[in-house]
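Below: one structure, written as structure tokens.
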Amino acid sequence: PSTDFVPDDIVDRFCVLGTVEDHVEKLNELKDLGVDQFNVYLMHDAMDETLDAYGGEIIPELGLQSVR
């Protein structure tokens with residue numbers, strides 16, 4: 001589906017895209033700004049891989065525990 005309805009500045013502020021390292025960097029920036037929770041929306045073709053990366057690499061790197 002088209003993403004034209006989502007302005008680029010909203011994507012830049014609220015979306016996390018890229019490699020595991022990119023996700024960790026962005027989430028640490030948000031954490032430093034006071035964000036204390038986030039949600040993972042699996043709305044693409046690599047849902048299982050993304051969820052596995054969060055559980056195995058990203059959440060531990062942030063020093064967090066996953067909640068299911």
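Quick notes on this structure:
- Surface share of carbon and sulfur [accessible, 1.4 angstrom probe, percent] for the chain: 52 percent
- About the Cα centre, charge dipole magnitude for the chain (Lys/Arg +1, Asp/Glu -1 at Cβ), debye: 320 debye
- Each residue of region 32-49 is assigned a 3J(HN,Hα), and the resulting list reads 5, 7, x, 5, 10, 7, 8, 10, 10, 9, 8, 10, 7, 6, 9, 4, 4, 5 Hz, derived from the Karplus form 6.51 cos²θ - 1.76 cosθ + 1.60 (θ = phi - 60°), x at Gly and Pro.
- Average accessible area per residue (Å²) across region 5-63 - probe 1.4 Å, nucleic acids and ligands excluded: 80 Å²
- Each residue of region 13-21 was assigned a 3J(HN,Hα) from its phi angle through the Karplus curve 6.51 cos²θ - 1.76 cosθ + 1.60 (θ = phi - 60°); the sequence is 7, 10, 9, 10, 10, x, 6, 3, 4 Hz, with glycine and proline shown as x.
- Calculated FRET value between LEU42 and ASP4, using beta carbons and R₀ = 22 Å, to 0.05: 0.55
The values are calculated or read from the model by the stated rules, or taken from the named source; none is laboratory data. All figures in this text were calculated on a predicted structure; none of them were measured in a lab. All Cβ positions, glycine included, derive from the backbone under ideal geometry; neighbour counts span all protein chains shown. SASA here: full protein model, heavy atoms, side chains in, ligands and nucleic acids out. Shrake-Rupley method; radii C 1.70, N 1.55, O 1.52, S 1.80 Å.
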